[in-house]
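The values are calculated or read from the model by the stated rules, or taken from the named source; none is laboratory data. What you see is a predicted model; the values in this text were computed from it and never measured. Cβ placement follows ideal geometry from the backbone for every residue including glycine, while neighbour counts extend to all protein chains displayed.
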Amino acid sequence: MNNRLSVPLYASLLSMALLTACTSGDPTTESQQTSQGQGTGQGQTAEGGNNSAGGGEEETDENAVIPYEASVLVDGLNVPWELVSVPDGRMFVTERPGTIRVIENGELASEPLIEFSAPFNEEGEGGLLGLAADPDFDNNGYLYAYHSYLEGGGDIANRVLRLKVSDGKATIDKELLSDIPGGVNHNGGRIKIGPDNLLYITTGERYEPELAQNEDSLGGKILRIGLDGSIPEDNPWPNSPVYSMGHRNAQGLAWNLDNGYLYATEHGQRNFDEINRIEAGENYGWPEVEGDDDKNGTYQAPLAHSGDETWAPSGVAFIKEGPWAGSLLAANLRGEQLLKITLSKDGTQVTQVEPIFKDEWGRIRNVTSGEDGKLYVLTNNRDGRGSPRDGDDQLIVLTPKP
Ligand SMILES: [Ca+2]
């Protein structure tokens, strides 16, 4: 396997700007259990980390050449996880505690689109996570949502719902997939509709790594189902929603629509956070391998990984137009930055990983690429691992500079 960025090359690229290593040894990303609220002191130190005094000046210089202007569109959000735009101009934002908020004409509406109730459950990293809008939303009003819930026996699981939006309110229309393994941590949760008009879903292994290598479990996978909940006939495993396996806790999905390639971000255990190119039926190795190790081709190695650093990557976007066209942009929680990820022309390799906006806004949950050419960034300083500041959490818009 030579289609990936090696650690030494990667490390040298990173060293230009990533001056503040946060390798204090606690599990990366979202793997450290904290309670709701401000979390433990340890969590704040290790993951909240507004304590990186080094490198501020250099990063300011770097940011000065970023071809986007950043501005706050909305503040006061509560652990926002996903943002989707619909053709009538509205934007919907999921908040992990269980509400979908509406932004219209740049204003956050006081009334939510929907507020989930039992069996909905928010605990640790779980709650209301992913959201996607039907390609025909204008006509059918369908949204798709991923959230944690309590099963009859009291165990945490995750499910995917179809919602119906009408007259400014959403109702639950249909449960498409349930009993996805869930827990306090590692719930995956990103859902996106692919160019094949099917719904892709990232799931976590709820801290039971063996689930990721069990073909019969929906945990530690990327799943693919029809928009009505059906299982596509050409899924790699018969009568199974499993599309790829061996994932620890993937939370980002993005396609290059020009060639159809799907990319995913994934949380590593303590480091070795990953950027993968996802292909049907492949095994991405967790927990058998980390980093570049692919056991002689048994597993798919990542296109790039974080080495000894911790990114804690969540949402990822493919940039279709503008100054960064053709790149991926990944949101980092503990890394408190965006990663600009340059791909090779054929899309099979990562050639450069550059941290940008390091320590500007704290923890970043998601970034999306709008049809308007702007980029939309969601902070997550209220998720129990950060240090909330005035205005958190925020929706920040990056507008291409003239
Ligand atoms: Ca892997």
**Item:** Close pairs (6 angstrom Cβ cut-off, 6 or more residues apart or separate chains): more than 15 Å from Leu73 (Cα to Cα) in the range 382-402, modelled with pLDDT of 95 or more and among the basic types (Lys, Arg) anywhere
**Value:** Gly386/Arg363; Pro388/Arg382
**Request:** Run down Glu62, Glu58 and say which single residue is over 21 Å from the mean Cα position of the chain (by Cα), part of a helix (DSSP H, G or I), within 23 Å of Pro313 (Cβ to Cβ) and at pLDDT 50 or above.
**Result:** Glu62
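Name the residue, out of Gln394, Gln352, that is over 15 Å from the mean Cα position of the chain (by Cα), of a type outside the set (Val, Ile, Thr), under 28 Å from Pro302 (Cβ atoms) and at pLDDT 95 or above. Don't jump to the end; show me each part of the working.
Values: Gln394 fails: under 28 Å from Pro302 (Cβ atoms).
Result: Gln352 is the single residue among Gln394, Gln352 that is over 15 Å from the mean Cα position of the chain (by Cα), of a type outside the set (Val, Ile, Thr), under 28 Å from Pro302 (Cβ atoms) and at pLDDT 95 or above.
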**Message:** One residue is enough: does the range 101-114 have a residue meeting the conditions buried (at least 21 other Cβ atoms within 10 Å of the Cβ), touching a residue at least 24 places away in the same chain (Cβ under 8 Å) and not aliphatic (A, V, I, L, M)?
**Reply:** yes
**Fill in**
Conditions (1) more than 16 Å from the ligand (Cβ to nearest atom); (2) under 27 Å from Pro209 (Cα atoms); (3) not in a strand (DSSP E or B) -> Ala331 fails only (3)
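Restricting to the range 272-289, name every residue that is more than 7 Å from the ligand (Cβ to nearest atom), part of a loop (DSSP other than H, G, I, E, B) and of a type outside the set (Gly, Ala, Ser). I'd like the intermediate steps shown before the answer.
Filtering the range 272-289 down to residues more than 7 Å from the ligand (Cβ to nearest atom) leaves 272-273, 275, 277-283, 287-288.
Narrowing further to those that are part of a loop (DSSP other than H, G, I, E, B): 272-273, 279-282, 287-288.
Those that are more than 7 Å from the ligand (Cβ to nearest atom), part of a loop (DSSP other than H, G, I, E, B) and of a type outside the set (Gly, Ala, Ser): Phe272, Asp273, Glu279, Glu282, Pro287, Glu288.
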**Prompt:** Could you list, in sequence order, the residues of the range 141-179 that are among the acidic types (Asp, Glu) and either over 20 Å from Thr203 (Cβ atoms) or not in a strand (DSSP E or B) (or both)?
**Reply:** Glu151, Asp155, Asp167, Asp173
**Message:** If I filter the range 342-355 for residues that are of a type in the set (Lys, Arg), without any contact (Cβ under 8 Å) to a residue 12 or more places away in the chain and away from the ligand (no atom under 16 Å from the Cβ), do I get at least one hit?
**Reply:** yes
**Message:** What are the pairs with Cβ atoms under 8 angstrom where one residue, in the range 118-138, is in contact (Cβ under 8 Å) with a residue 12 or more places away in the chain and the other, located anywhere, is in a helix (DSSP H, G or I)? Sequence gap at least six, or different chains.
**Reply:** Asp134/Asn140
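Hey, can you tell me all the residues within the range 242-263 that are aliphatic (A, V, I, L, M) and more than 10 Å from the ligand (Cβ to nearest atom)?
We begin by selecting, within the range 242-263, every residue aliphatic (A, V, I, L, M); these are 242, 245, 250, 253-254, 257, 262.
Of everything in the range 242-263, those that are aliphatic (A, V, I, L, M) and more than 10 Å from the ligand (Cβ to nearest atom) turn out to be Val242, Met245, Leu253, Ala254, Leu257, Leu262.
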**Complete:** Log entry, pairs with first residue in the range 289-308 being free of Cβ contacts under 8 Å to residues at least 24 places away in the same chain and more than 14 Å from Gln213 (Cα to Cα), second being acidic (Asp, Glu) and within 11 Å of the ligand (Cβ to nearest atom), beta carbons closer than 7 Å, six or more apart or on different chains, reads Lys295/Glu288
**Selection count where residues are part of a loop (DSSP other than H, G, I, E, B) and among the charged types (D, E, K, R), scope the range 67-101** = 4
